[in-house]
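Contents: one structure, followed by commentary.
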Amino acid sequence: MFTELSVSFFCILLSLFFIFSVAKSSKSKKSTPNNYSPKPYPIFGHYFDLKENWHRRVQWTSDILRNSPTATFMLRRPLGGRAIITANPANVQHMLKTHFHLYQKGDQFHSILYDFLGNGIFNVDGDSWKFQRQVASHEFNTKSLRKFMETVVDTELSQRLIPILSAAAENETVLDFQDILQRFAFDNICTIAFGYDPSYLLLSLPQAEFAQAFEDSVRISSERFNSPLIWKIKKAFRIGSEKQLREATSKVRNFAAHLVKEKKQELKENSSLQSVDLLSRFLSSGHSDETFVTDIVISFILAGRDTTSAALTWFFWLLANHPEVESNIFEEINEKSEMPIFEEVKDMVYTHAALCESMRLYPPVPTDSKVALADDVLPDGTVVTKGTRVGYHPYAMGRLEILWGADWADFKPARWLQRDAEDKKWNFVGRDAYTYPVFQAGPRICLGKEMAFLQMKRVVAGVLSRFKIVPATDDGFEPVFMAYLTAKMKDGFPVRIVKREISK
């Protein structure tokens with residue numbers, strides 16, 4: 001009897017699936033991008049729309065939010081599940097600041113990323129998060145930032161990045177600039193996090209096992225969000241992508257654990273060691289649990305590698321298509337070239353504005369979400385029930401006409417600048433963090449924001465003063481924006497390097 005009912009129920013579902021698939025196909029042919037507002041179906045919700053747009057889900061949800069009167073959308077999942085997505089600054093401030101205590105990472109998020117990030121700062125809430133943030137904050141004071149610029153970044157730039165670009169220019173080699181920038185950022189953040197240089201950006205462009213395992217861990221972990229049930233089945237049977245993830249995270253964590261042990265021994269033998277890397281700080285804070293410290297450092301590598309390299313990849317692509325902006329930056333670089341390195345990059349106002357404008361259009365973390373711990377109502381009137389995942393959408397927020405004007409699609413660094421009435425110099429005019437949550441906002445605002453800007457401006461100054469970055473693509477080519485845990489340019493960013501003719 002039970003079997004017969006089950007079969008009947010399955011047949012009904014299959015029939016409904018077929019009916020709605022046909023209806024959806026017919027509907028999609030009639031709909032237009034400008035007025036498209038998906039309607040949920042009984043039982044299936046927005047499944048068909050989401051499935052059809054899965055390859056461009058960031059852009060799809062962005063289009064929906066831009067057409068929503070309140071810039072908020074209720075995504076209906078099959079069998080009654082739902083999630084809220086918003087690009088409304090008032091809602092963002094409500095989540096990330098005013099009612100911060102009500103919106104947390106949540107158990108599902110923690111479970112999905114646990115095999116990779118464990119209990120690191122980006123995967124936990126509460127006291128553990130507070131402790132990690134407090135200890136890590138010492139790494140981002142002015143003294144540490146100056147040392148970071150004058151040693152880590154400048155050494156990597158002068159001894160590795162510049163020689164690679166020079167060789168590519170001389171040999172007329174096409175480089176994947178996205179890969180080059182990821183290697184640069186990986187060496188930088190490993191030095192800061194572990195006090196260890198993986199030498200990933202060498203002239204030979206080596207395939208370092210730790211770096212490749214880290215990349216695989218990021219990719220497969222992010223794919224878990226797409227199939228919350230399937231990944232658990234695969235993990236239980238240790239098959240497919242979950243088998244690959246197990247192997248990749250094992251390599252990452254074993255290597256990291258080895259570095260932790262070495263650092264503990266180093267600190268034991270020399271208690272007065274003046275190390276400023278994150279690992280030394282956490283071990284010196286009294287936490288000797290190797291697993292916990294490893295979790296912390298892996299989280300910071302993820303943040304330091306992927307965000308800055310993603311931001312710079314899209315920035316250089318935009319510059320290649322806006323020569324007037326590149327010319328203004330080049331002029332600013334020449335004006336500041338006689339200053340000490342740290343002061344030079346701090347004072348690059350136009351370049352800072354151009355980076356902000358680039359990240360408005362292509363944020364390194366295009367979406368983020370929290371879980372409501374209790375029933376709530378957002379400022380725009382959206383009702384939130386306990387357990388609902390509420391996401392905010394920086395990618396969509398950078399495209400809202402109400403926030404940026406009718407020219408929101410244009411790459412215009414000047415929208416961040418204002419001329420001083422007396423000396424006619426540019427002054428940077430920032431936006432509040434809830435209109436521009438590229439670095440998150442509220443209590444969890446990115447600790448490394450200033451470090452990221454200093455690093456990016458130093459790379460821009462070092463590269464553009466010597467080279468032009470020319471996309472090795474056909475005219476009119478538009479790279480595809482895609483997102484794992486952070487943004488990527490699909491299939492990389494092929495470029496040719498051209499040495500500048502510097503007039504004397």
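Within segment 410-432, the set of residues being touching a residue at least 40 places away in the same chain (Cβ under 8 Å), among the small types (Gly, Ala, Ser) and in a loop (DSSP other than H, G, I, E, B) comprises GLY430 only. Does GLU247 satisfy being among the acidic types (Asp, Glu), more than 28 Å from MET451 (Cα to Cα), in contact with a helix residue (DSSP H, G or I) (Cβ under 6 Å, 6 or more places away or on another chain) and assigned to a helix (DSSP H, G or I)? Answer is no for this residue. Of the residues making up segment 75-97, those that are open to solvent by 30 Å² or more (accessible area, probe 1.4 Å), more than 19 Å from LEU400 (Cα to Cα) and touching a helix residue (DSSP H, G or I) at 6+ places or on another chain (Cβ under 9 Å) are ARG76, ARG77, PRO78, LYS97. Scanning segment 287-315 for residues that are of a type in the set (A, V, I, L, M, F, W, C) and open to solvent by 10 Å² or more (accessible area, probe 1.4 Å) yields PHE292, PHE300, LEU302, ALA303.
Meeting the requirement of 2 or more residues that are surrounded by fewer than 18 Cβ atoms within 10 Å (Cβ to Cβ), touching a helix residue (DSSP H, G or I) at 6+ places or on another chain (Cβ under 9 Å) and at pLDDT below 90, the helices (runs of 4 or more DSSP H) wholly within segment 98-172 are 142-147. Kindly evaluate GLN182 against the criterion of being touching a Lys or Arg at 6+ places or on another chain (Cβ under 8 Å) and among the polar types (S, T, N, Q). So GLN182 passes the test.
Within segment 433-468, the set of residues being of a type in the set (Gly, Ala, Ser), under 19 Å from THR155 (Cβ atoms) and either part of a strand (DSSP E or B) or open to solvent by less than 10 Å² (accessible area, probe 1.4 Å) (or both) comprises ALA461, GLY462. Residues in segment 326-380 that are outside any loop (DSSP other than H, G, I, E, B) and either open to solvent by 60 Å² or more (accessible area, probe 1.4 Å) or touching a Pro at 6+ places or on another chain (Cβ under 6 Å) (or both): SER327, ASN328, GLU331, ASN334, GLU335, GLU343, LYS346, ALA353, ALA354, GLU357, VAL377.
Of all residues in segment 65-74, exactly one satisfies the criterion of being more than 19 Å from VAL384 (Cα to Cα) and either open to solvent by less than 20 Å² (accessible area, probe 1.4 Å) or assigned to a loop (DSSP other than H, G, I, E, B) (or both), namely ASN67. From SER309, SER327, which residue is without any contact (Cβ under 8 Å) to a residue 12 or more places away in the chain and under 29 Å from PHE477 (Cα atoms)? Only one candidate passes the filter, namely SER327.
The values are calculated or read from the model by the stated rules, or taken from the named source; none is laboratory data. Fair warning: this is a prediction, and the values are worked out from it, not measured in the lab. When we count neighbours, we look across all protein chains shown, and the Cβ atoms used for this are built from the backbone with ideal geometry, even at glycine. To get the accessible areas, we keep the full protein, side chains included, count just its heavy atoms, and leave off ligands, DNA and RNA. Shrake-Rupley method; radii C 1.70, N 1.55, O 1.52, S 1.80 Å.
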